[in-house]
């Protein structure tokens with residue numbers, strides 16, 4: 001998304017000529033371009049402010065999830081019930097890892 005805004009900004013620069021001769025009149029488009037370009041610039045600036053915080057929150061979420069489940073797997077089972085719980089925990093991780101990973105990715 002960030003790259004798309006950067007690309008749009010560059011595309012907009014080349015979209016409208018700085019000036020154009022229309023018969024005997026030369027029309028300058030700089031003022032128009034300057035009036036229209038702040039939107040992508042402002043969006044880009046806001047994204048640069050928001051993204052680091054969002055990424056940090058998402059990384060923290062997956063870190064906590066992983067630490068919790070790794071802790072369960074690190075315990076040494078001393079009886080059959082603990083062994084079954086550990087296997088169930090492993091199955092839960094396998095079944096839900098992709099869902100948790102998808103939640104924290106920045107594709108949205």
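The values are calculated or read from the model by the stated rules, or taken from the named source; none is laboratory data. Since the model is a prediction, treat every value here as computed from it, not as a measurement. Cβ atoms come from the backbone with ideal geometry, glycine included; neighbour counts cover every protein chain shown.
A few remarks follow.
Here is a yes/no grid of residues against (1) in a helix (DSSP H, G or I); (2) exposed (fewer than 10 other Cβ atoms within 10 Å of the Cβ); (3) at pLDDT 70 or above; (4) under 18 Å from the mean Cα position of the chain (by Cα):
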| site | (1), (2), (3), (4) |
| --- | --- |
| 3 | yes, yes, no, yes |
| 10 | yes, no, no, no |
| 54 | yes, no, yes, yes |
| 68 | yes, no, yes, no |
| 82 | yes, no, yes, no |
| 101 | yes, no, yes, yes |
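- Contact annotation: residue pairs with Cβ atoms under 8 Å, 6 or more positions apart or on different chains, pairing a residue in the stretch 87-106 that is under 17 Å from residue 72 (Cα atoms) with a partner that is assigned to a helix (DSSP H, G or I), are 89/69; 89/72; 89/73; 90/73; 92/69; 93/69; 93/73.
- Residue-level analysis places residue 62 among those that are under 28 Å from residue 47 (Cα atoms), assigned to a helix (DSSP H, G or I) and modelled with pLDDT under 90.
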